[in-house]
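Novice: Please see the structure below; I have some questions.
The values are calculated or read from the model by the stated rules, or taken from the named source; none is laboratory data. Note that the structure is a prediction, hence the values are computed from the model and not measured. Here the Cβ positions follow ideal geometry from the backbone for every residue, glycine too, while neighbour counts run over all protein chains shown. In case anyone asks, the SASA skips ligands and DNA or RNA and just uses the protein heavy atoms, side chains included. Shrake-Rupley method; radii C 1.70, N 1.55, O 1.52, S 1.80 Å.
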Amino acid sequence: EKLYGKPITLADREMVEEKADQILSEARDDHVAFLVVGDPFGATTHTDLVVRAKKMGIDVQIVHNASVMNAIGICGLQLYRYGETVSIPFFTDTWRPDSFYEKIQRNRMMGLHTLCLLDIRVKEPTLESLARGRKIYEPPRYMTINTAIEQLLEIEQAHKESAYSEDTECVGFARLGSEDQMIVAGTMKQLQLIDFGAPLHCLVITGKTHPLEEEMLDFYRCRT
């Protein structure tokens, strides 16, 4: 608030998704700035806000920002050689979704790299509390590269279609864009043994690589 000289309301996911009408009603008569991490159009919720604002006749101005979608270029894999991005959710005892498997398989068949966005569970209500009609939130959880690889290999074991294996080359990113960012290239087997430290993490599964891409990856190559 000191920096902007204006009062700031911390808008969590629940507020943005369930109380968007309040944000938009204020924007009819006043200037309202909606600040996000990453690029404004990195989430469908933000696109929905713009659509609703325009339908209400509210003028919308966009200030673009850096995002994981382009920051991953630091490893040397060319951005135009990426296929569809996938999300890896936390598995539970009763829910082990695998829709990402076919997408990774398609990308790799075309020689394209795959960005895997890893699950972030912040202010998520427990199932028990929802059943009782009174929200109690789970502790925050951030998926690690290690957990993501474990789940990826479990799904490969179930499908047995060789979309990837523990010997598939990947790049692991932690705290991308910060001073203590960590970038390591290696096989799934190698990356699974590395402690990437604090969140946020993401993973890229490589496709067919160009010699220049290989040269850049060598700077980050796991030597163990």
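Novice: Being within 18 Å of the chain's Cα centre (by Cα) and either closer than 30 Å to residue 179 by Cβ or surrounded by fewer than 15 Cβ atoms within 10 Å (Cβ to Cβ) (or both) narrows it down to one residue among 83, 42; which is it?
Specialist: Only one candidate passes the filter, namely 42.
Novice: Go through segment 209-224 and give me each residue that's open to solvent by 90 Å² or more (accessible area, probe 1.4 Å) and farther than 13 Å from residue 76 by Cα.
Specialist: 223, 224 - these are the residues of segment 209-224 that are open to solvent by 90 Å² or more (accessible area, probe 1.4 Å) and farther than 13 Å from residue 76 by Cα.
Novice: Confirm whether residue 151 is out of contact with any helix residue (DSSP H, G or I) (no Cβ under 6 Å at 6 or more places or on another chain), surrounded by 12 or more Cβ atoms within 10 Å (Cβ to Cβ) and assigned to a helix (DSSP H, G or I).
Specialist: yes
Novice: Please pick out the residue among 14, 1 that is among the acidic types (Asp, Glu) and either open to solvent by 60 Å² or more (accessible area, probe 1.4 Å) or modelled with pLDDT of 85 or more (or both).
Specialist: Among 14, 1, only 1 is among the acidic types (Asp, Glu) and either open to solvent by 60 Å² or more (accessible area, probe 1.4 Å) or modelled with pLDDT of 85 or more (or both).
Novice: Test of understanding: among 20, 66, 71, which residue is aliphatic (A, V, I, L, M), farther than 23 Å from residue 177 by Cα and either out of contact with any Lys or Arg (no Cβ under 6 Å at 6 or more places or on another chain) or open to solvent by 40 Å² or more (accessible area, probe 1.4 Å) (or both)?
Specialist: 20
Novice: Mind listing whichever residues of segment 94-148 are acidic (Asp, Glu) and surrounded by 13 or more Cβ atoms within 10 Å (Cβ to Cβ)?
Specialist: 98, 102, 119, 124, 138
Novice: Please tell me if residue 195 is loosely packed, with under 13 Cβ neighbours inside 10 Å and farther than 21 Å from residue 68 by Cα.
Specialist: no
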